[in-house]
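The values are calculated or read from the model by the stated rules, or taken from the named source; none is laboratory data. Keep in mind it's a predicted model, so treat the numbers as computed, not measured. Glycine gets a Cβ as well: all are built from the backbone with ideal geometry, and neighbour counts include every protein chain shown. Heavy atoms of the whole protein, side chains included, go into the accessibility calculation; ligands, DNA and RNA do not. Shrake-Rupley method; radii C 1.70, N 1.55, O 1.52, S 1.80 Å.
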Amino acid sequence: MTSKKYINLGIIIIVVLAVTFISSCNEINTRSKKVTFDLSELIQNENIDDVSLSIYYVNPHILTRYPWSVDHLIKSSSVEKIVINGSDLEEHFNSFNQLNNIALMPVKHESRINARLYYVLESKKNGKLFNVSMWGDDNCIFVNGIEVQENDIFYDFIMPFLPDDAVKELESYLN
């Protein structure tokens, strides 16, 4: 009777290990796939006057007691907010085109966001079209909620909209 219990226990352990192995292989496989998006396609059906870009940022060198979520950043009393409305965005459409169809590599190991910079492109009709949160471990960024490896294009995109002191702070942090 005792050997039957050990056999059953052994089968259960093998099944649990197999399920764990298969599910972890599936996670590795899905995290290694490239992520793409087409920002022009997202805004082509929008009335440009109804589209806005909001940028929220704090000095990235500020020490906090814990990592900030995007919500905490937005509600912080030390946050700086810049809003660029549709007609002012129109002259920056080349920047939108640079963001189109870039291949983003998801990170291998997920991390927790520590938001110091967040920007969101929104429309009155469809809400959030595109958003970027910075940073996680190893300066990874979160694009539409997906954690990806850092790409300078996401910094270059917002630099023209930031005041000079914020650009200097960001550049010193990145270097």
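Taking strands (runs of 3 or more DSSP E) as the structural unit, no element lying wholly within the range 109-149 holds at least 1 residues that are of a type in the set (K, R), free of Cβ contacts under 8 Å to residues at least 60 places away in the same chain and on the phi > 0 side of the Ramachandran plot.
Number of residues in the range 47-66 that are under 15 Å from V79 (Cβ atoms) and assigned to a strand (DSSP E or B): the value is 4. Pairs meeting the criteria (first residue in the range 55-73 and β-branched (V, I, T), second residue part of a loop (DSSP other than H, G, I, E, B), beta carbons under 6 Å, at least 6 apart or on different chains) are V58/S78; V58/V79; V58/R116; V70/A115.
F157 meets the conditions (1) more than 17 Å from the chain's Cα centre (by Cα); (2) at pLDDT below 85; (3) over 25 Å from L63 (Cβ atoms) in every case but one. The failed one is (1). Being modelled with pLDDT of 80 or more and surrounded by 16 or more Cβ atoms within 10 Å (Cβ to Cβ) is the requirement here; does V83 meet it? When the stated conditions are applied, V83 does not pass them. Given the conditions (1) assigned to a strand (DSSP E or B); (2) buried (at least 19 other Cβ atoms within 10 Å of the Cβ), report the number of the one that A166 does not fulfil. (1) is the only condition that A166 fails. Checked against the criterion of being modelled with pLDDT under 80, open to solvent by 80 Å² or more (accessible area, probe 1.4 Å) and in a loop (DSSP other than H, G, I, E, B), the candidates N101, N94 yield just one match: N101.
If only residues of the range 134-148 that are out of contact with any Cys (no Cβ under 6 Å at 6 or more places or on another chain) and under 13 Å from M105 (Cβ atoms) are counted, the one that is surrounded by the fewest Cβ atoms within 10 Å (Cβ to Cβ) is D138.
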